[in-house]
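This report concerns only the one structure given below.
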Amino acid sequence: MEDLSFSHKARQRAVGTKNMAIIGVVASGNLEVLAERVLPDTECLVEIKTAAEGFGDVWDAVVADFVERTSPGGLKFSINDGGARPDTVSLRLAQAVRLMEEDDQ
Amino acid sequence: MTTSWQHRREARNARIEAGAKLARGKIVEARDASSLMEAVIRPGDRVCLEGDNQKQADVLSAALLAVDRSKVSDLHMVQSGVVLPEHLDLYDHGVAKKLDFAYSGPQSARIATMLFGGRIELGAVHTYLELFARYFIDLTPNVALIAAVSADRDGNLYTGPNTEDTPTIVEATAFKDGIVIAQVNEIVDKVPRVDIPGDRVQFVVKADKPFFVEPLFTRDPAAITETQILTAMLAIKGVYAPYGVRRLNHGIGFNTAAIELLLPTYGENLGLKGKVATHFALNPHPALIPAIESGWVEQIHSFGSEVGMDDYIRARSDIFFTGPDGSLRSNRAFCQVAGLYACDMFIGSTLQIDLQGNSSTVTTSRIAGFGGAPNMGADARGRRHPSEPWLQAGREADPETSALLRRGRKLVVQIGETFGDKNAPLFVEELDALALAKKLNLELAPVMIYGDDVTHIITEEGIANLLLCRDADEREQAIRGVAGYTEVGRGRDKTMFQRLRERGVIRRPEDLGIDPLDADRRMLAARSIKDLVRWSGGLYAPPPQFRNW
C-alpha cells in the first residue's frame, strides 16, 4: 500500500450544495472515491490509498489535470484505489464532482 | 531422345497410385491416415496443413505427427495458422523442418522459444493475403491437408459456413500437380452444396470427430468498460460521421465491439443510420446483431464464420453471403481483397504504438504473426475508384495537389485505451518488436501497421488526425497529445498541443461536444451475451464458455 496526498488551489468553488458523495467500488482495476465539501472555497485536497506502488508521478499529473479541468474548490477527495488505470481515475473523479453538483435533499 | 515436360504430373500420379492402395475409391479410414501420408508425402515436400485463426484440420495434423520418420521428414510447412500444439510438435519430432506462416495466436510464446532455439527454420511471417499469393508463385504445396464438413464418394466437398482458406489452398495445390487430402466429419450420398469440386480432391479421410473451430470473434458486452464506450463515441462522432464511412472493416477488440453496440443507440441519436457503417468486410460478429436487427447494415462479406451464428446467418440471407443450401459461404482470400480494395476504413485495436505511429501486437517473448490486419490496415496503392471518404482523406493529407491527380487515402484508424492489460502503456518510445527482431536476427521487425498508413489514433483522450500533420515533429506531438498519462503522453509539448488542437489535428472529447460522463454502459444496445440472444430472436446460439445464465 502507498499513501499519497495532493493539495491544490482551485479557481472557483465547486458547483452545488451537496456535502458528500461516494462513487465506484474498491476492486481490481477500479477505485472508490469519497467527496466531501469540507474545505475553504479555493482549496482542493486529494488523498489516495493505493494498492499499486510507484505511480506517484502519474497520480500527480492526473490530479493536476482534474483540478484544472473541473475546478473542484472546497472539496476533499478520499480515494481507495485497487490499481485503477488513469482513465478510470479521471472518470471517477469527474463523476464524483458531477454528484456534488446535485442539490442536497 | 525426347524431353519430358510432365515429370511433375507423372510423379503425382505415382503418389496417387501408392495412396490408392489404402483407399476404397477416394475414402480412407481415419486409422489409415498416417499410412496414407507415408504413401503420398516425400521427404522435404512443401505441405499445407490447413489451419487458420478459426478452423483446423486437426485429425490430419495428428495423423501427420504420427508418421514413420524414416518415410516422411524435413517437411516445409506452408500454412496460415500455427495454432494447435501438434503444429509445433512436428518440428520436435523432425517431421517438419521449415515454416512459412501468417498467424500463431495461442502458440505465440512457444513458437518464439523454438525459433530462438533453432528448432524451426523460419521462412517468413506473412499476412494471409501474402501467403496465399506465394502459394501461386514460390510456395506452391506438393500436398494439402484440408478440412471440410462432408464429402460424397466422388470427393465433392461441403465446407459449411467455415469455407475460409480452403478454395485458395485447393486451387494452388490441385492445379499444380499437387495432392489434396480432406478430412471430413461425414461421408454423405449428396453434399448440401459443392464448395470444392471432387476432381480436385484425391483422398477423403473420415474423421472420428468434427473439426475444431475457435470462437475468436465473440466479445461479451458485459466486459465492455466505460472508457471503451468513450473511445467508441469518439470514433462514431469524430470519424464515421464527418467522413461518412459506409464501407469498412472492424478489428476484433472490445473498442470496436463497443462501436457495433452503440450504432443503434448513440449512432441513431446522431442521425447516422443509413449514412455510415452499411457495408462490411467482417466475420459475423455477434456484437453486430443489434445493428443488423435495427436496419443499419445492408451487406456483410465474411472471412470465416463464427461459432453459434449459423442459424442467425441462415435466417438473415439478405445481409450475408449464403449458398443455395442456405448456410454462409465465407472466403478468406476474397474477403481480404475486399477489405483491401473496397473498404474505405479499417478500425482496430493494437498493443503498442510508437512515436511514428507504427503499431505492433508483438511482445518480446511472443510471435503472434500478422493474420489479416496489415491487409485491412493498409492504404491500397493500386486503388483507382473514388469514394467520398477516400477523397476527403486524400484532400486532408495533400491539399496542394490538384484534385484530378490526387490519390485518395484509406482511413486506417487505431483505437484503444492509453493503458491496456496490467497497466501496460499503449504508447511506447520503441516497439518491443524491435528487440524481438534483434534477438531472433530477423531482417524486418514485425510491425502490424506501419505509421505512414495510419490516419487516426483514438484514445479516451481524444482523436489525433495524422492526415493533417505536415511534418514528423507534428506527427509525434499529435500522437503524444492523445497518449494520456503514459510516459509518452506526459512528454508532450504543451504549446504544440494547444496549436495542434486549434487546427483540429487533436480533438479532445469536449471539442466534439462529447461529455465523458455520458459514456455509460446503459448506452450499449446489448449489455450481455443474453441480450444478444434476445436481439437475435433466439437464433444466436452462443458457445458454452459465453453462457453464464
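The table below lists the values:
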| read-out | value |
| --- | --- |
| Residue that is farthest from A:Gly16 (Cα to Cα), among those in segment A:47-66 that are under 9 Å from the mean Cα position of the chain (by Cα) and away from chain B (no Cβ under 12 Å) | A:Ile48 |
| Conditions (1) buried (at least 21 other Cβ atoms within 10 Å of the Cβ); (2) closer than 18 Å to B:Ala207 by Cα; number of the one not met by B:Gln79 | (2) |
| Single match in B:Ala11, B:Ala33, B:Ala39 (criterion: outside any strand (DSSP E or B), in contact with a Gly (Cβ under 7 Å, 6 or more places away or on another chain) and either among the aliphatic types (A, V, I, L, M) or buried (at least 17 other Cβ atoms within 10 Å of the Cβ) (or both)) | B:Ala39 |
| Qualifying residue in segment B:465-472 (condition: more than 31 Å from the chain's Cα centre (by Cα) and either within 14 Å of another protein chain (Cβ to nearest Cβ) or at negative phi (or both)) | yes |
| Answer from A:Val89, A:Val63, A:Val25, A:Val58 - the residue that is among the aliphatic types (A, V, I, L, M), crowded, with 20+ Cβ neighbours inside 10 Å and within 16 Å of B:Glu226 (Cβ to Cβ) | A:Val89 |
| Residue in segment B:443-459 that is touching a residue at least 60 places away in the same chain (Cβ under 8 Å) and within 14 Å of chain A (Cβ to nearest Cβ) present | yes |
| Residue within segment B:371-383 that is assigned by TED's automatic domain parsing to the domain that holds B:Gly251, surrounded by 21 or more Cβ atoms within 10 Å (Cβ to Cβ) and in a strand (DSSP E or B) present | yes |
| Pick from segment B:513-537, criterion aliphatic (A, V, I, L, M) and within 14 Å of chain A (Cβ to nearest Cβ), ranking: farthest from A:Pro86 (Cα to Cα) | B:Ile514 |
| Members of segment B:493-512 that are among the small types (Gly, Ala, Ser) and within 14 Å of chain A (Cβ to nearest Cβ) | none |
| Selected residue [among the basic types (Lys, Arg), within 12 Å of chain B (Cβ to nearest Cβ) and out of contact with any strand residue (DSSP E or B) (no Cβ under 7 Å at 6 or more places or on another chain)] from A:Arg98, A:Arg85 | A:Arg98 |
| Looking only at segment B:384-412, and only at residues there that are in contact (Cβ under 8 Å) with a residue 12 or more places away in the chain and in a loop (DSSP other than H, G, I, E, B), the one that is surrounded by the fewest Cβ atoms within 10 Å (Cβ to Cβ) | B:Pro386 |
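The values are calculated or read from the model by the stated rules, or taken from the named source; none is laboratory data. In this text the structure is predicted, and so the values were computed from the model without any measurement. Please note: Cβ atoms are built from the backbone with ideal geometry, for glycine as well, and neighbour counts cover all protein chains shown.
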